[in-house]
1. Quick check: is even one residue across the stretch 68-80 at pLDDT 95 or above and under 21 Å from residue 15 (Cβ atoms)?
2. Determine which single condition residue 43 fails, assuming it passes every other condition in (1) out of contact with any Lys or Arg (no Cβ under 9 Å at 6 or more places or on another chain); (2) surrounded by 14 or more Cβ atoms within 10 Å (Cβ to Cβ).
3. Residue 89 - would you say it is over 13 Å from the mean Cα position of the chain (by Cα) and modelled with pLDDT under 95?
4. Residue check: is residue 47 modelled with pLDDT under 95 and not charged (D, E, K, R)?
5. Six or more apart or on different chains, Cβ atoms under 7 Å: show the pairs whose first residue is in the stretch 87-101 and over 23 Å from residue 36 (Cα atoms) and whose second is assigned to a loop (DSSP other than H, G, I, E, B).
6. Taking into account only those residues within the stretch 52-67 that are farther than 13 Å from residue 96 by Cβ and assigned to a loop (DSSP other than H, G, I, E, B), which is modelled with the highest pLDDT?
7. List the pairs whose first member sits in the stretch 55-79 and is over 20 Å from residue 7 (Cα atoms), whose second member is of a type outside the set (Lys, Arg) and not in a helix (DSSP H, G or I), and whose Cβ atoms are under 7 Å apart, counting only residues at least 6 apart or on separate chains?
8. Search the stretch 1-26 for residues being crowded, with 18+ Cβ neighbours inside 10 Å and part of a helix (DSSP H, G or I), and hand back the single one that is farthest from the chain's Cα centre (by Cα).
Amino acid sequence: MILYNITYLVPKELIGKWLKWMKEEHIPGIMKSELFEKNTLLQLMNLDEQDGLTYALQLYAASSFDYDEYELKFAPALRLNASEQWGEQVLTFRTLMRIVQ
């Protein structure tokens, strides 16, 4: 199984709107690809919150083939939408991991 993790740093003044957008638009858009089996949205704790709050979206794919297909067919449009919505206000960091146990 593959875990695709996207970490977001969200300014405090945007949190309400950003969470609503994530739950109602962005995550459903990702899951509409049918290439991830499940997702979890988390808030990181015990961090310096001076620049905002940090969240992680974890997406679980059955194989690297499914992830690659998502990246090719769906990710560009979803990232463009996110960029148009938030610009450089919300910082993101992506990590791809293989679950070994």
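1. yes
2. Checking residue 43 against (1) out of contact with any Lys or Arg (no Cβ under 9 Å at 6 or more places or on another chain); (2) surrounded by 14 or more Cβ atoms within 10 Å (Cβ to Cβ), the one that fails is (2).
3. Considered against the rule, which asks whether it is over 13 Å from the mean Cα position of the chain (by Cα) and modelled with pLDDT under 95, residue 89 comes out as no.
4. yes
5. That search, which allows pairs on different chains as well, returns 89/11.
6. 62
7. Pairs that qualify, where the first residue is over 20 Å from residue 7 (Cα atoms) and the partner is of a type outside the set (Lys, Arg) and not in a helix (DSSP H, G or I), are 62/1; 62/37; 63/2; 66/35; 69/35.
8. Here the residue is 18.
The values are calculated or read from the model by the stated rules, or taken from the named source; none is laboratory data. Values in this document were obtained by computation on a predicted structure and should not be read as measured data. Don't worry about glycine lacking a Cβ; one is built from the backbone with ideal geometry, like all the others, and counts go over all protein chains shown.
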